[in-house]
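Everything on this sheet refers to the single structure shown next.
The values are calculated or read from the model by the stated rules, or taken from the named source; none is laboratory data. All values reported here derive from a predicted model rather than from experimental measurement. All Cβ positions, glycine included, derive from the backbone under ideal geometry; neighbour counts span all protein chains shown.
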């Protein structure tokens with residue numbers, strides 16, 4: 001009888017250990033999963049990070065930022081619609097020389113529209129901010145995008161390993 005009780009207690013301890021270990025792994029997995037969800041791309045978080053980066057690097061005051069970012073967002077929305085059209089054109093594989101020429105001309109037109117849009121908005125930005133700050137904003141935006149692409153490339157390299 002005594003051996004049965006000892007075996008039962010050992011079994012209980014083993015069961016308890018297994019339960020605690022399982023619980024630990026479940027919690028660890030959930031924490032890891034929650035952290036990974038925070039790392040996924042969301043347009044809202046991207047925009048917020050971009051605005052924080054530009055504000056910091058260009059030294060925008062809260063007043064300047066509140067005047068600048070609505071105009072900047074308007075520019076991005078317009079650029080996005082042109083980029084969408086450009087993406088459609090890039091997916092098309094023309095079969096004749098005439099179609100190739102037409103596609104290239106449309107793509108060139110889109111790229112020129114983007115540059116004209118940037119020029120127009122740079123002029124609008126300089127109506128509310130000094131040219132030096134607009135220059136710093138443009139440089140900060142370029143650096144931010146380079147950093148994002150570099151981070152994405154690094155993640156892809158790590159996943160392949």
With the structure loaded, tell me whether residue 133 is touching a helix residue (DSSP H, G or I) at 6+ places or on another chain (Cβ under 6 Å), touching a residue at least 60 places away in the same chain (Cβ under 8 Å) and farther than 25 Å from residue 85 by Cα or whether it fails that test. yes
Could you please let me know if residue 101 is at pLDDT 95 or above, over 30 Å from residue 49 (Cβ atoms), touching a helix residue (DSSP H, G or I) at 6+ places or on another chain (Cβ under 6 Å) and part of a helix (DSSP H, G or I)? no
Kindly indicate whether residue 88 is farther than 21 Å from residue 58 by Cβ and either without any contact (Cβ under 8 Å) to a residue 60 or more places away in the chain or touching a helix residue (DSSP H, G or I) at 6+ places or on another chain (Cβ under 8 Å) (or both). yes
